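Asks: Here's a structure for you.
The values are calculated or read from the model by the stated rules, or taken from the named source; none is laboratory data. Because the structure is a prediction, the values reported are computed rather than measured. Every residue, glycine as well, gets a Cβ built from its backbone with ideal geometry; the counts of neighbours run over all protein chains shown.
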Amino acid sequence: MIRIEFCGAVGEVTGSGYLVHGDAATVLVDFGAFQGGSDARERSASLGPVQPENLDAVLLSHAHIDHSGRLPLLMAAGYAGAVHATPATLDLATLLLADLGRIQEADLARENRRRRRAGLASLRPLFDATDVQRVRDRGRALPYGRWQEVAPGVTARLADAGHILGSASIELAVGYGDSRRVLVFSGDIGPCGAPILRDPQRPQAADLVVMESTYGGRDREPQARTLARFRDILREAVRSRARIIIPAFAVGRTQLLLFHVAEAIREGVIPQLPVYLDSPMATAATLAYMRHQDLYDEELGGLVRSGRIRQDLQSLRVVESAEESRSLNEREEACIIISASGMCDAGRVVHHLRHALWRENAHVILPGYMAPGTLGRALADGARQVEIFGEPLVVRATVHHLSGFSAHAGQGELLDWLADVAGHRPRVVLAHGDDAARMALRERIHARYGISAECPAPGSVISLD
């Protein structure tokens with residue numbers, strides 16, 4: 001009997017982790033941090049049902065922290081096996097986890113100062129730089145499309161998921177008696193037709209599909225409409241000499257936004273204006289994107305080879321120091337500041353929002369999904385007052401939520417992704433989505449394919465005969 005334990009991301013969109021027990025081995029697919037909510041740190045400090053000493057292999061679908069963030073804890077707890085992922089994912093995960101460690105250190109220092117003043121014991125970091133390095137050292141590159149044994153009785157193959165650079169859907173063939181069962185873990189599925197990356201590959205056959213459902217309840221805004229709205233905001237900001245603050249994930253979203261800004265300049269929508277990339281992590285990630293140009297789609301590949309992208313973004317300024325970052329808030333020029341984190345819950349962008357939200361002559365663009373409990377979600381929901389670093393702030397800036405920039409497929413695209421494998425009548429399990437999204441997608445899957453998808457609860461274990 002094959003068993004799958006859910007270690008997070010059921011009824012929510014963070015903390016992804018799936019523990020697969022086969023006849024001869026146990027493997028872990030993803031092990032992400034929880035984000036948003038007052039208990040996120042406490043939940044992220046737990047390994048849940050994962051016992052490192054009994055674990056034979058780890059597979060990582062992509063580098064985002066909600067899929068990779070607990071891997072350093074796993075190393076700190078004694079895991080000594082391999083972490084299998086695409087070469088690009090291993091590169092990006094090292095950057096993101098190191099950045100998470102730095103953010104954790106800064107947040108913990110601030111929290112411990114508060115605790116000391118209150119007479120409380122200080123908190124310890126969840127992991128350190130050595131644990132992050134162990135993740136990298138244990139990395140084993142697995143290119144797309146190649147079957148490889150990752151544990152006794154378990155072989156794996158990765159397919160391009162089109163979500164961020166190197167992202168993959170993971171196909172596992174798990175030994176079961178004299179036969180085997182094929183399990184597909186979708187990872188995060190990207191949209192079709194988006195710039196930079198190739199479209200996601202569809203699975204062809206499986207006994208079980210564990211599928212993300214972030215946008216299971218709705219379709220994303222069409223990309224053409226999103227891009228038109230984005231360009232209108234840029235024009236208005238130039239006209240009124242306003243600044244634009246864009247909280248963006250360092251990996252994926254930042255590179256997509258830079259592509260669209262360059263396109264707007266190339267096509268004369270806006271003149272050359274200062275564009276500040278204020279995120280050391282995003283800068284490093286963009287360099288990593290440049291190292292893996294073989295993964296670009298045809299359009300971007302041509303622009304890079306011609307040198308056109310570099311020409312269009314000649315006004316791009318990379319902000320290195322914290323002092324330089326602070327100085328941006330003293331300027332009155334029309335400009336674009338792209339900074340992490342994507343949900344406004346950490347990093348330099350929080351300081352930019354603190355200085356901009358109360359001003360009328362400012363725009364904030366939220367380019368994608370905002371998890372409940374984050375500052376980004378509060379702004380997306382229309383909050384007129386928020387709190388940053390314990391200080392109440394009125395929101396006078398114009399806030400735009402452009403969900404069409406999300407790197408997640410919408411409901412219709414999720415259904416299309418399932419189309420080829422649906423004919424084999426697999427069990428379908430919906431994860432990585434809030435309950436409303438999962439239930440909506442479940443109804444649509446049943447209506448279209450006649451398959452009754454399952455929506456497990458946190459801590460659930462399902463069995464596959």
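Asks: Can Phe34 be described as among the aromatic types (Phe, Trp, Tyr), closer than 29 Å to Tyr176 by Cβ and buried (at least 24 other Cβ atoms within 10 Å of the Cβ)? Let's see the steps before the verdict.
Replies: Numbers: among the aromatic types (Phe, Trp, Tyr): yes; closer than 29 Å to Tyr176 by Cβ: no; buried (at least 24 other Cβ atoms within 10 Å of the Cβ): yes.
It is false that Phe34 is among the aromatic types (Phe, Trp, Tyr), closer than 29 Å to Tyr176 by Cβ and buried (at least 24 other Cβ atoms within 10 Å of the Cβ).
Asks: On the basis of being in contact with a strand residue (DSSP E or B) (Cβ under 7 Å, 6 or more places away or on another chain) and surrounded by 22 or more Cβ atoms within 10 Å (Cβ to Cβ), does Gly187 make the cut?
Replies: yes
Asks: May I ask you to list the residues in region 96-121 that are of a type in the set (A, V, I, L, M) and over 20 Å from Gly69 (Cα atoms)?
Replies: The first filter runs over region 96-121 and keeps only residues of a type in the set (A, V, I, L, M), leaving 96-98, 100, 103, 106, 108-109, 118, 120-121.
Residues satisfying the conditions are Ala118, Leu120, Ala121.
Asks: Among the numbered criteria (1) outside any loop (DSSP other than H, G, I, E, B); (2) more than 18 Å from the chain's Cα centre (by Cα); (3) modelled with pLDDT of 95 or more; (4) not polar (S, T, N, Q), which single criterion is violated by Leu90?
Replies: With (1) outside any loop (DSSP other than H, G, I, E, B); (2) more than 18 Å from the chain's Cα centre (by Cα); (3) modelled with pLDDT of 95 or more; (4) not polar (S, T, N, Q) applied to Leu90, the lone miss is (2).
Asks: Given (1) modelled with pLDDT of 85 or more; (2) surrounded by 15 or more Cβ atoms within 10 Å (Cβ to Cβ), identify the lone condition not met by Leu108.
Replies: Exception for Leu108: condition (1).
Asks: Tally up the residues in region 422-465 that are at positive phi and of a type in the set (Phe, Trp, Tyr), please.
Replies: 0
Per-residue answers, yes or no, for (1) assigned by TED's automatic domain parsing to the domain that holds Arg396; (2) buried (at least 19 other Cβ atoms within 10 Å of the Cβ):
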| residue | (1), (2) |
| --- | --- |
| Leu208 | no, yes |
| Arg231 | yes, no |
| Ser240 | yes, no |
| Thr283 | yes, no |
| Tyr289 | yes, yes |
| His292 | yes, no |
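Asks: Still on this structure: Could you pull out every one of the helices (runs of 4 or more DSSP H) wholly within region 357-465 that has 2 or more residues that are not hydrophobic (A, V, I, L, M, F, W, C)?
Replies: Helices (runs of 4 or more DSSP H) meeting the threshold: 375-380, 411-417, 435-449.
Asks: Go through Val304, Val319 for me and flag whichever is modelled with pLDDT of 90 or more and either over 12 Å from Asp278 (Cα atoms) or not charged (D, E, K, R) (or both). Reasoning before the result, please.
Replies: Values: Val304 fails: modelled with pLDDT of 90 or more.
It is Val319.
Asks: Next question. When the residues of region 135-177 are filtered to those that are touching a Lys or Arg at 6+ places or on another chain (Cβ under 7 Å) and not in a strand (DSSP E or B), which remaining residue is nearest to Ala57 (Cα to Cα)? Please lay out each step first, then the result.
Replies: Taking region 135-177 and keeping what is touching a Lys or Arg at 6+ places or on another chain (Cβ under 7 Å), we get 145-147, 157, 160, 162, 171, 173-174.
Now narrow it down to the ones that are not in a strand (DSSP E or B): 145-147, 162.
Values: Gly145: 19, Arg146: 17, Trp147: 15, Gly162: 24 Å.
So the residue we want is Trp147.
Asks: I need the full set of residues from region 422-450 which are farther than 21 Å from Arg3 by Cα and of a type in the set (A, V, I, L, M, F, W, C), in order please.
Replies: Filtering region 422-450 for residues farther than 21 Å from Arg3 by Cα gives 422-423, 433-450.
Scanning region 422-450 gives Ala422, Ala436, Ala437, Met439, Ala440, Leu441, Ile445, Ala447.
Asks: Can you pull out the residues in region 299-323 that are more than 17 Å from Thr286 (Cα to Cα), touching a residue at least 12 places away in the same chain (Cβ under 8 Å) and among the acidic types (Asp, Glu)?
Replies: Residues of region 299-323 that are more than 17 Å from Thr286 (Cα to Cα), as a first pass: 299, 302, 306, 321-323.
Filter once more, so that each one left must be touching a residue at least 12 places away in the same chain (Cβ under 8 Å): 299, 322.
Glu299, the sole residue that qualifies.
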